[in-house]
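Below is one structure, written out as structure tokens, with a few remarks after it.
The values are calculated or read from the model by the stated rules, or taken from the named source; none is laboratory data. The shown structure was predicted, so the numbers you read here are calculated from the model rather than taken from an experiment. Because the Cβ atoms are built from the backbone with ideal geometry, glycine has one as well, and the counts that use them run over all protein chains shown.
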Amino acid sequence: MKSNLFLSTVAVLTLSAAAANAETLRLLTWGGYAPDDVIAMFEAQTGHTVEVTKSNNEEMIAKLRATNGGGFDLAQPSQDRIAGPQAEFGIYKPLDMSMIDTSLFIPSMLEATKGNTTIGEDVFAVPHVWGTDGLVLNTAIVTDVKDYTDLCNASVAGKVSYRLKRPTLIGFAFSMGLDPFGAYGDEAAYQGILDLVEAKLVECKANVKTYWDGGDELKNLMRSGEIVAAMAWDTGGWQLNDDNADITFVAPASGALGWIDTFALPARGRADEAAYAWINFVMQPDIAAMITASAGNFTASQGGDANVDDALKAKYQASFPQEAIDNIKWYPSVPAGLETLEGATLDRINAAR
Amino acid sequence: MATDRSKLAFWLLLAPCLIWLVTLIILPHVGMFLVSLREKVGVREYETSFANYAVFLNEPLYWNTFARTAYMSIAATILTLLIGFPISYYIAKLTRGRTKTTSFLMCLIPFWVSELVRTFGWMILLRETGVFSNFLQYLGLVNGPIEMLYNDAAIMTGLVYTSMLFMVVPLVTTLDSLDDSLIEAGYDLGASGFAILREIVIPHAMPGIVSGCIVVFMLSLGNYLTPILLGGKDSLWFTGLIYSQFITRFNWELGSAFGFLLLGLSSLIVFVGLKLTGQSLGKTMAQS
């Protein structure tokens, strides 16, 4: 493993020798995706410096929109949030695939992401970290929650939390037997689905303690026992599992929702050289394993799961038997305009008493 | 020559203020107003219209949210005044020297930490596994844990706490300037304590009350953190709507329109408030 790391170090060094000057890479990413030790290694090997800004999908797009795609050199929005915002605001620029070492990626994931983020001839994103949305349950107390709609059961009244965001709408729709992804192309049909989900979520509101917003807020609520069931990210459930063996992530019966966070270049980024160097650096299996350890989620790096510690692997396998993996619903690209409909629905749910 | 020079001095002294006003307040507002007039008709296609304002009028949800924000802010202002007035009176009239400085400082100290930290402090106190709930259980007053967070009362507590200082400072200043002999004269002439409060203290303190109320009302109306964090799932606040239009819905056009409506409607409420109490902004500014 040492020599492996050494070899890849040499590879990156020769690659970055092309860079005439050391650049500052302004990275717009999620918490945990750029741990300090990885940044230190990258800076030592390439001479570039890295400035990290932590954010989420909506904020990333809002920030880039405010500057017409400036202010950052590399962003990490989810793959379903590339094509729509690009069509609408033009905040990304096409990737030069010759600069990326595609052999570092899991081929199927790379192809899927490219397929979802290609506009015309241009590819706008490559995959980095993937994970799912599902149920985080305190299994010692909760026994009858198998799917999102079960969060509305009387047995967990007042002890439930989820986000008031689009994944919740999508998750509940699937759980109610509807097919929101199938209706992506048809605004009227999609509105019909949203109306049904809205009625369900309004009815369910009395069960909710509060809508969570950040990962730490959810963990806090779950650890204190104030909530016992939530719709949340798999990694949140696994991290809580370290503190309390009763709490774990469960893939819902209707299927976990799979997301892939990507690398995309902002339209007016200035340090492309450093951005490509970063992509090729963090996709190396050893580095990818370090990011998995920090973020809690697996990466699209070929062989990146080999060096991940066994505890996390065991949790992953317990939460995802093969049929649950096959049942993962991957987010297709969100067409421009759908989010306005979802926004109005979310506002009405928020306002309901 | 002398007039030229004084003119130059006038403009130079005014320049920072003008630059501030134009670049940081007027220009962004003009830009935002133009954005609010754009109606999205398709991908990257916009038309000029008042459609975004029509959305506000046609969707009762937005109206109700604004009304709720306004009346909660008014209630917060009145509560702050009711709590702040006795405190200010005590500081201004009943204490001297070091006690006065200390008690004034006590009102100030919470504002040395950021609003976020203060709000988190309230969350620690009020939550189900928090300090109050545990204390009540320890005393045996309640059987199980009780949730005091995520309701309107929690929002109100947070708002009053956050804006207390902005009521106390102008009130202390105006009450300080009230000559004690006027109050003594009132007692000499046989007036009751209530009559003195009504006839002497409150009329004198009116400019402080009005400016304090305006500041507290505007701060509450424009507050974002406190209602969102303390209100939880029922935290419907107009600034929260504006935030979500801008950030999570990418709908800047509607967000800008909401921003302008907030500006206009809040100014209207202050104007009506001044008219109802027979005060004018000029008088308030001149006296306080």
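Per the listing A:Ser301, A:Ser294, the residue uniquely buried (at least 21 other Cβ atoms within 10 Å of the Cβ), in contact (Cβ under 8 Å) with a residue 60 or more places away in the chain and on the phi < 0 side of the Ramachandran plot is A:Ser301.
Residue-by-condition table, conditions (1) surrounded by 22 or more Cβ atoms within 10 Å (Cβ to Cβ); (2) hydrophobic (A, V, I, L, M, F, W, C); (3) touching a Gly at 6+ places or on another chain (Cβ under 9 Å):
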position	(1), (2), (3)
A:Asp96	no, no, no
A:Asp101	no, no, no
A:Gly115	no, no, no
A:Val145	yes, yes, no
A:Ala173	yes, yes, no
A:Gly177	no, no, no
A:Gly182	no, no, no
A:Glu187	no, no, yes
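Run down B:Tyr62, B:Tyr71 and say which single residue is in a helix (DSSP H, G or I), touching a Phe, Trp or Tyr at 6+ places or on another chain (Cβ under 9 Å) and within 29 Å of B:Phe271 (Cβ to Cβ). Of the residues listed, the single one that is in a helix (DSSP H, G or I), touching a Phe, Trp or Tyr at 6+ places or on another chain (Cβ under 9 Å) and within 29 Å of B:Phe271 (Cβ to Cβ) is B:Tyr62.
Filtering the range B:26-59 to residues that are farther than 16 Å from B:Leu254 by Cβ and at pLDDT 90 or above leaves B:Ile26, B:Leu27, B:Pro28, B:His29, B:Val30.
Could you check, for the range A:102-117, whether at least one of its residues is away from chain B (no Cβ under 14 Å) and within 28 Å of B:Trp252 (Cα to Cα)? Taking every residue of the range A:102-117 in turn, at least one turns out to be away from chain B (no Cβ under 14 Å) and within 28 Å of B:Trp252 (Cα to Cα). Take the residues in the range A:147-171 that are of a type in the set (Val, Ile, Thr) and within 13 Å of chain B (Cβ to nearest Cβ), then tell me which one is surrounded by the fewest Cβ atoms within 10 Å (Cβ to Cβ). Residue satisfying both the conditions and the ranking: A:Thr168.
Applying the condition of being small (Gly, Ala, Ser) and surrounded by fewer than 19 Cβ atoms within 10 Å (Cβ to Cβ) to the range B:131-164 and asking which residue is nearest to B:Thr80 (Cα to Cα) yields B:Ala153. Inspection of the range A:236-244 finds no residue satisfying the criterion of being of a type in the set (Asp, Glu), under 19 Å from B:Glu147 (Cβ atoms) and either free of Cβ contacts under 8 Å to residues at least 24 places away in the same chain or not assigned by TED's automatic domain parsing to the domain that holds A:Ser294 (or both).
Against the list (1) away from chain B (no Cβ under 14 Å); (2) part of a helix (DSSP H, G or I); (3) out of contact with any Leu (no Cβ under 6 Å at 6 or more places or on another chain), the condition A:Ile260 fails is (2).
Quick one: is A:Ala271 assigned by TED's automatic domain parsing to the domain that holds A:Gly32 and over 29 Å from A:Arg65 (Cα atoms)? Give the derivation first.
On the way: assigned by TED's automatic domain parsing to the domain that holds A:Gly32: yes; over 29 Å from A:Arg65 (Cα atoms): no.
No: the conditions fail for A:Ala271.
Against the list (1) within 11 Å of chain A (Cβ to nearest Cβ); (2) surrounded by fewer than 20 Cβ atoms within 10 Å (Cβ to Cβ); (3) among the hydrophobic types (A, V, I, L, M, F, W, C), the condition B:Trp252 fails is (2).
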